[in-house]
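To start, the structure itself, in structure tokens.
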Amino acid sequence: MTSPQPGSSENDESLPERVIACRNCGASAPAKFCPECGQETAREPRTVAEFVHGLIAQYLLPKGQLWQTLSKLVFAPGVLTVDYIAGKRTRYLRPLQLYLLASVIVFAAVQVFGLNLGLRLYGDQGVHLLRSARLSPDVDHGYGLRLSPMQIILDRFDTPGVRRFGAMSAEERFTFLRARRTQYVSYFVLFLVPLYALTIGLFYRNRRRRYAEHLIFGLHCQSFLLFMLLIEAKLPAILANAMSWWVIAYFTIALKRVYGGTWAETLSRGTAILALYFVIFFVANLVLVFGLLAL
């Protein structure tokens, strides 16, 4: 029986393969990415051209994460949440990543262009998150100057900050609140997301869903809302009103798709969720304004 010759294929197969270890976690990583931590296995930093190409592929191309995420978010209510919970995640931006992206874009636009953010359900009346410009008196009817939460604080509390605010003119009050609210409104909206998820979990507790799933749905809905508020800010009144009602319809369709049930059940639970959420929004807004006066 002849022994295998040096350099023969049989001899090569008996040699151990060279093991490539991930420099981040030490796991075996023979491919382009580590199967344990996901880090790239390339030892040299990417060139500028490779970095730019990666950004374009991930965010700008039609099959990139950003466009796939936004197309599902805007045109398919609830599908993004359903896919993410089902484990189809690599193709999309993560929920918190999407929400932070929406926040940065929207509130940067508010600072640069001085936009008013709110759902205008009838004329200019509705739920307003931030006013960067006061409405004219014939349209405003005193709403933007009086601000219900502010009026409650003026009537019920007597602190140095409240007294100073009460001594201001209507125009000075508006300017004062606008300047301070703009600094904190992004944190305010982020604070509302877990409360929104809790509200959904309360009305769908029979579905036995984990809180994390409600939170994912909440992040997706709030991201959609922020983008719609940005678009709506510069639309004519009739289009802005239609878009505001579409936001509510979108929420109802998304609820049906994610949590199931009949349309009657979805409408009743959705109405209760929105009603409670608006109450939470009002109370949180009251606390925010009171805190701003104490600064």
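Taking a ≥ b ≥ c as the square roots of the Cα gyration tensor eigenvalues, the range 166-295 comes out prolate, since a/c reaches at least 1.5 and a/b is larger than b/c.
Working from label points 7 Å from Cα in the Cα-to-Cβ sense, the Ala237 to Ala108 distance is 3.3 nm. Counting 0.36 nm for each residue step from Arg205 to Ala294 and taking away their Cα separation leaves a gain of 28.2 nm. Packing here is the average count of other Cβ atoms within 10 Å per residue, and on that basis the peptides 80-86, 154-160, highest first, run 80-86, 154-160.
Ranked by the mean number of other Cβ atoms within 10 Å of their residues, highest first, the peptides 193-202, 26-35 come out as 193-202, 26-35. Per the Cα gyration tensor, the range 74-294 maps to an equivalent ellipsoid with semi-axes of 32, 19, 17 Å, ordered largest to smallest.
Each reported figure results from applying straightforward, stated rules to the coordinates on display, with no laboratory input. In this text the structure is predicted, and so the values were computed from the model without any measurement. Neighbour counts are summed over all protein chains in view; Cβ atoms, including those assigned to glycine, are modelled from backbone coordinates with ideal geometry.
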